[in-house]
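The values are calculated or read from the model by the stated rules, or taken from the named source; none is laboratory data. These numbers were taken from a predicted model, which means no experiment stands behind them. As a convention, Cβ positions derive from the backbone with ideal geometry for all residues, glycine included, and neighbour counts pool all protein chains shown.
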Amino acid sequence: MSGVLYPLGLKLEGLRVLVVGGGSVATRRVPALLDAGARVVLVSPALTPALQGFVDAGRITWIDRRFEASDVDGAWLVHVAVDDRLAAAAVSAAARERRVFCVRADDRHAATAWTPAVTRHGPVTVAVLGGGAPKRAVAVRDAIREYLATADEPAGEAERGKGAVALVGGGPGDPELITVKGRRLLAAADVVVVDRLAPGLLLDELRPDVEVVDASKIPYGPARTQEEINAVLVERALAGHRVVRLKGGDPYLFGRGGEELLACAEAGVPVTVVPGVTSALAAPAAAGIPVTHRGVAHELVVVSGHLRPGHPESKVDWSALGRLKGTICVLMGLKNLPLIAEALMAGGRSGDTPAAVVADATTSVQHVTHATLATVAEAAAQVKPPAVVVIGDVVGVLAATRV
């Protein structure tokens, strides 16, 4: 591609966008397309776990096969996210024949559209087109981002060539809820090992040369083992890379951050821990539910519902929780919610206790289901993870203020 670029912003809400490829490049690009409201159709024989999560949630349409020229029909934009030049050329040829702009990850000079280096700050989105110099574009973008964020922290704990790991809590979903330090370390990273629940839009801001390792754990589905994740962190850091382990929520709240820190410490790898906003607090807050409130609740319990009540490996005393009067926030508890509700009521908690399920908290598709402890399992039967279950009188305390 040659000549002068014409900068343009696309309004993709409700429009069909075709993505060809189901690997790491697609994993980076799809969240931004979804955030723009595009109807994403993805064609690929295989998907990363993170993309599979979007499919399972009904947010993208997956065509499980190799590309066919007719896939471009009806598309307003095409993203080619494969590194096979012949396959990519076939896609862009089909797009050109149909007069559809096409972005190519393998060869920007053969593309008819380029993705810019992007940074977002509140309602402001800044896009920088490199004009053949993508590293310069990223440098300009980063300078603008630092100016907008007025960040004044040091450049990072690890110098180039000296490997280190940062365990970064990305927050509950909204990319603006990551901390300033977490965002700075992410911008400086050479390798990003990312969870399915980490804010996907942050991946769209990474430098083109950053290695993205998908460490997603689909509930009751495909997942990397914790040992594999530990090995990736250690190996990349020992090779001299600055590694960010980007997690949803907080690294130490059901995030296995402690296990990862121990693995790095045993290998002599320095680790920085950056706390994150946990969904246990953020999801209720985003739904208008204060987890504590004067005169209503003075205690809060955050509990994992991953293992059913009575499971031999469970460490949770559900009967004791049922005797509490305060707020209970259950993470990873959708599958076992009927048994959890029964156990809490058997322990003494009234079935009339207000309850709510907050799904996809702080994102554009957040959904809240209100019920009681006795009815919440049935009311949330069709809700898909990630979701936080909130039980307690605080659920209704601000109801009059909700619009």
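The condition (being surrounded by 22 or more Cβ atoms within 10 Å (Cβ to Cβ) and assigned by TED's automatic domain parsing to the domain that holds Glu146) is satisfied by just one residue among Val213, Val243, Val180: Val243.
Tally up the residues in the range 370-389 that are assigned to a loop (DSSP other than H, G, I, E, B), among the hydrophobic types (A, V, I, L, M, F, W, C) and touching a residue at least 40 places away in the same chain (Cβ under 8 Å), please.
Result for the range 370-389: 2.
So Ala346 passes all but one of these: (1) outside any loop (DSSP other than H, G, I, E, B); (2) buried (at least 17 other Cβ atoms within 10 Å of the Cβ). Which condition number does it fail? Checking Ala346 against (1) outside any loop (DSSP other than H, G, I, E, B); (2) buried (at least 17 other Cβ atoms within 10 Å of the Cβ), the one that fails is (2).
The single residue among Ser70, Ser24 that is surrounded by fewer than 23 Cβ atoms within 10 Å (Cβ to Cβ), assigned by TED's automatic domain parsing to the domain that holds Ala110, in contact with a strand residue (DSSP E or B) (Cβ under 8 Å, 6 or more places away or on another chain) and modelled with pLDDT of 90 or more turns out to be Ser24. If you filter the range 88-110 down to residues that are more than 28 Å from the chain's Cα centre (by Cα) and of a type in the set (A, V, I, L, M), you find that the one that is modelled with the lowest pLDDT is Ala110. Restricting attention to the range 214-221, does a residue exist that is out of contact with any Lys or Arg (no Cβ under 8 Å at 6 or more places or on another chain) and over 20 Å from Leu51 (Cα atoms)? Within the range 214-221, none of the residues are out of contact with any Lys or Arg (no Cβ under 8 Å at 6 or more places or on another chain) and over 20 Å from Leu51 (Cα atoms).
Looking only at the range 243-286, which residues are among the small types (Gly, Ala, Ser) and over 23 Å from His367 (Cβ atoms)?
Hits for the range 243-286 are Gly255, Gly257, Gly258, Ala263, Ala265, Ala267, Gly268.
Of all residues being among the small types (Gly, Ala, Ser) and in contact with a helix residue (DSSP H, G or I) (Cβ under 9 Å, 6 or more places away or on another chain) in the range 368-392, which is farthest from His298 (Cα to Cα)? Just the residue, please. That would be Ala381.
A Cβ distance below 6 Å, combined with a sequence gap of six or more or placement on separate chains, defines the contacts here; from the range 97-126, residues that are more than 16 Å from Leu5 (Cα to Cα) reach residues that are of a type in the set (Lys, Arg) in the pairs Asp106/Arg85; Thr119/Arg141; Thr119/Arg145. Can you find a residue in the range 289-305 that is touching a Pro at 6+ places or on another chain (Cβ under 7 Å), among the hydrophobic types (A, V, I, L, M, F, W, C), more than 16 Å from Gln226 (Cβ to Cβ) and not assigned by TED's automatic domain parsing to the domain that holds Gly170? Within the range 289-305 (the criterion being touching a Pro at 6+ places or on another chain (Cβ under 7 Å), among the hydrophobic types (A, V, I, L, M, F, W, C), more than 16 Å from Gln226 (Cβ to Cβ) and not assigned by TED's automatic domain parsing to the domain that holds Gly170), the answer is yes, since at least one residue qualifies. Examine the range 258-276 for a residue that is in contact (Cβ under 8 Å) with a residue 24 or more places away in the chain, polar (S, T, N, Q) and surrounded by 19 or more Cβ atoms within 10 Å (Cβ to Cβ), and state whether such a residue exists. Checking the range 258-276: not a single residue is in contact (Cβ under 8 Å) with a residue 24 or more places away in the chain, polar (S, T, N, Q) and surrounded by 19 or more Cβ atoms within 10 Å (Cβ to Cβ).
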